[in-house]
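**Q** Got a structure here, written out as structure tokens. Questions coming.
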Amino acid sequence: MRKKIIFPVFLIVCIFSSVTFAADKEKESITDLTPWKGENVSIIKLYENEAGEKFYEEILGNLPEGYTKKMVKDFIYNLYYMKIKSFKVIDEDTITINDKFTGDYVHVCSINMDLGEHKVAWQVFKSDSQEMIEAGFKYMMFFPYHQHNKETLRHAHFRYGNENFDFLTTDPSVKSWWPTIYQPATVDETKATAMMTTPRIARMMAGMIKKEQ
């Protein structure tokens, strides 16, 4: 379904401090959407259950007086906010959102970033689909799927918007916005929820919340 799309030539301290990508070679060779092929779901889904509610309480227990559970939940939702719950990458250049609208994308460029000791790159894609632009998805930018180690959830980060991708990667207003996705076909969601609601992560989230205030 590849279509020719014409375009002009032309942070946050990472909350996952030990990001490890599968291979540098894979990062360097990304030119299409293949690394994200399949259904991609917001990580928020893993908190929408009893374990998630207990997780919010665990975070709250690591915060000083004055914080509320609602404040904790708002922080998590703002951190991972997506205006959709899921999307599907159909092939190397096609994305369908909410099974309702579809658009083709081309790879525009890679934007390198230093996150702590690690060098990572946003993979920037652009669509000329009027449907996607009207929905606010002219640009979609991804980090490849990765794990911190074998015991952690395989996930990816992305951002989207109609603003230029330089804004979406560097503007201070988005520095604390990290939509995070996983692929249900590749993980056990019960185990994934257990991974994402440990006391260690609760303490880490509490530290992040205190820094934001």
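**Q** Determine whether L63 is in contact with a Phe, Trp or Tyr (Cβ under 7 Å, 6 or more places away or on another chain) and among the hydrophobic types (A, V, I, L, M, F, W, C).
**A** Working: in contact with a Phe, Trp or Tyr (Cβ under 7 Å, 6 or more places away or on another chain): no; among the hydrophobic types (A, V, I, L, M, F, W, C): yes.
Spelling it out, it is not the case that L63 is in contact with a Phe, Trp or Tyr (Cβ under 7 Å, 6 or more places away or on another chain) and among the hydrophobic types (A, V, I, L, M, F, W, C).
**Q** Hey, another quick one. Report the residue count in the range 142-160 for those that are over 18 Å from K100 (Cα atoms) and part of a strand (DSSP E or B).
**A** Of the residues in that region, 8 qualify.
**Q** Let me ask something additional. Mind listing whichever residues of the range 174-191 are among the polar types (S, T, N, Q) and over 18 Å from I209 (Cβ atoms)? Give the steps one after another, and end with the answer.
**A** Filtering the range 174-191 down to residues among the polar types (S, T, N, Q) leaves 176, 180, 183, 186, 190.
The answer is Q183, T186, T190.
**Q** Under 8 Å between Cβ atoms, which residue pairs at least 6 apart in sequence (or on different chains) link something in the range 130-142 that is within 12 Å of K83 (Cβ to Cβ) with a partner that is surrounded by fewer than 19 Cβ atoms within 10 Å (Cβ to Cβ) and at pLDDT below 95?
**A** Filtered contacts from the range 130-142: A135/F101; G136/K83.
**Q** Yes or no: the range 195-209 includes at least one residue that is farther than 21 Å from G52 by Cβ and over 13 Å from the mean Cα position of the chain (by Cα). Let's see the steps before the verdict.
**A** Of the range 195-209, the ones farther than 21 Å from G52 by Cβ are none.
No, the range 195-209 contains no residue that is farther than 21 Å from G52 by Cβ and over 13 Å from the mean Cα position of the chain (by Cα).
**Q** Show me the helices (runs of 4 or more DSSP H) found entirely inside the range 37-141 where at least 2 residues are among the aliphatic types (A, V, I, L, M), out of contact with any His (no Cβ under 8 Å at 6 or more places or on another chain) and closer than 30 Å to R203 by Cβ.
**A** Output list reads 50-61, 69-80.
**Q** Yes or no: the range 135-142 includes at least one residue that is surrounded by fewer than 16 Cβ atoms within 10 Å (Cβ to Cβ) and over 19 Å from L33 (Cα atoms). Step through it out loud before you land on a result.
**A** We begin by selecting, within the range 135-142, every residue surrounded by fewer than 16 Cβ atoms within 10 Å (Cβ to Cβ); these are 136.
Next, from what is left, pick out any that are over 19 Å from L33 (Cα atoms): none.
There is no residue in the range 135-142 that is surrounded by fewer than 16 Cβ atoms within 10 Å (Cβ to Cβ) and over 19 Å from L33 (Cα atoms).
**Q** Being of a type in the set (V, I, T), closer than 19 Å to T180 by Cα and loosely packed, with under 15 Cβ neighbours inside 10 Å: is that true of T96 here?
**A** The answer is no for T96.
The values are calculated or read from the model by the stated rules, or taken from the named source; none is laboratory data. In this text, all values refer to a predicted model and were calculated from it rather than measured experimentally. For neighbour counting, all protein chains shown are included, and Cβ atoms are generated from backbone atoms with ideal geometry for every residue, glycine included.
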